[in-house]
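Scroll down for the structure; my scribbles are underneath it.
The values are calculated or read from the model by the stated rules, or taken from the named source; none is laboratory data. For clarity, every value in this text was computed on a predicted model and none was experimentally measured. Note: ideal-geometry Cβ built from the backbone for every residue, glycine included; neighbour counts use all protein chains shown. Heavy atoms of the whole protein, side chains included, go into the accessibility calculation; ligands, DNA and RNA do not. Shrake-Rupley method; radii C 1.70, N 1.55, O 1.52, S 1.80 Å.
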Amino acid sequence: MARLPRGKTKHPPTHSEAMKAKWADPVFRAKMSERDSRSQELRKANPARFTRTGIPNGMRREEAERMWSVADAQADKIIQHLKADGVLPATPPGRSETAVASTVASTAAANIPVPDTDAGMAEAALREVFKLALGPTGTRVKLAALATIMKFTRLKPIDVLKLATGTTAEAVLDELAASE
């Protein structure tokens, strides 16, 4: 809804007096108190119903949840590809991927496992960034997520040289000097 100019309201001046008269009535006050207590009970029972976190404007909850689940599956696939390519370390033998130090409860009543190793935390953070990049988010969030992904997964120039030659930069320079 558009904002009104300063000093203008959408209600006539008599509205305020009518509302004051209503709230002075004990029956109306009891009815409103009952409504408020019912609302509080519903919020405590199902807090996710009363929030739109993760649901973009113009989108219904079911549609957004479907898109988030697709982004979740795609993020899992990408993480597995990064592990296969060696960008992310594979899970060491004897450790499960679900080993966690603690669990953080979010406002949406979903539990987010927090891994107990640095590599596990990096993987979990990267997975969430992929979900943001692939999910129903705004352009700014997508660009920030993609920038984070590029910073983490892009190889440094010396690493590219190591991959190309299988040796260090000094060894490549020594080979070039020896060939001349």
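Before we move on, is T148 modelled with pLDDT of 85 or more, hydroxyl-bearing (S, T, Y) and either closer than 16 Å to V87 by Cβ or open to solvent by 40 Å² or more (accessible area, probe 1.4 Å) (or both)?
yes
All but one of (1) in a helix (DSSP H, G or I); (2) touching a helix residue (DSSP H, G or I) at 6+ places or on another chain (Cβ under 6 Å); (3) under 30 Å from T153 (Cα atoms) hold for K22, so report the exception by its number.
(3)
Residue-by-condition table, conditions (1) of a type in the set (F, W, Y); (2) more than 30 Å from M121 (Cβ to Cβ); (3) at pLDDT below 90; (4) open to solvent by 80 Å² or more (accessible area, probe 1.4 Å):
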position: W23; (1), (2), (3), (4): yes, yes, no, yes
position: R29; (1), (2), (3), (4): no, yes, no, yes
position: L42; (1), (2), (3), (4): no, yes, no, yes
position: F50; (1), (2), (3), (4): yes, yes, yes, no
position: I55; (1), (2), (3), (4): no, no, yes, no
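So V100 ticks every box in (1) exposed (fewer than 13 other Cβ atoms within 10 Å of the Cβ); (2) at pLDDT below 90 but one. Which box is left unticked?
Single failed check for V100: (1).
Looking only at region 30-81, which residues are in a helix (DSSP H, G or I), among the aliphatic types (A, V, I, L, M) and within 15 Å of the chain's Cα centre (by Cα)?
A64, M67, V70, A71, A73, A75
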